[in-house]
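What follows is a short report on a single structure.
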Amino acid sequence: MNRLNNKTTKDLFRVILKLKNIGEAKRFFRDLLTEAEIAEFSKRWQVAQMLNENISYEKIEEATGLSSRTVARISKWLNKGMGGYKLMLNRLNH
């Protein structure tokens, strides 16, 4: 956790919170990340949503192209991580 608890990382999180809409987010993240990295993060979020809907690993792997190992890792973070996935899933559903 120490790698996330430093000035540089906190500055990144603060700037992300300043984004006002999807257009700004798209522009910022495209400058920050490669298209492949954005696609990977998007798939991870899709997996978290699908796991939350109790969709099987097999169907998730088919839909996302991610490995069972990656799906299992996301499941672990969803259920026993820091609560970030659950927080955002709850916000989107309310």
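The values are calculated or read from the model by the stated rules, or taken from the named source; none is laboratory data. Everything numeric here is computed off the predicted structure, so don't read it as measured data. Glycine gets a Cβ as well: all are built from the backbone with ideal geometry, and neighbour counts include every protein chain shown. We work out accessible area using only protein heavy atoms, side chains counted, and drop any ligands, DNA or RNA first. Shrake-Rupley method; radii C 1.70, N 1.55, O 1.52, S 1.80 Å.
What to note about this one:
- For region 1-36, filtering for residues that are assigned to a helix (DSSP H, G or I), open to solvent by less than 80 Å² (accessible area, probe 1.4 Å) and within 29 Å of Val71 (Cβ to Cβ) leaves 7.
- Of the residues Leu89, Leu78, the single one that is open to solvent by less than 50 Å² (accessible area, probe 1.4 Å), touching a residue at least 12 places away in the same chain (Cβ under 8 Å), assigned to a helix (DSSP H, G or I) and over 23 Å from Thr9 (Cβ atoms) is Leu89.
- Residue list for region 37-75, filter: acidic (Asp, Glu) and either closer than 23 Å to Ala25 by Cα or part of a helix (DSSP H, G or I) (or both): Glu37, Glu40, Glu58, Glu61, Glu62
- Within region 11-24, residues that are closer than 17 Å to Met88 by Cα sit with their Cβ atoms under 9 Å from residues that are of a type in the set (Gly, Ala, Ser), at 6+ positions apart or across chains, in these pairs: Ile16/Ala25; Leu19/Ala25.
- Every residue from region 43-75 that is under 23 Å from Asn5 (Cβ atoms) and surrounded by fewer than 11 Cβ atoms within 10 Å (Cβ to Cβ): none
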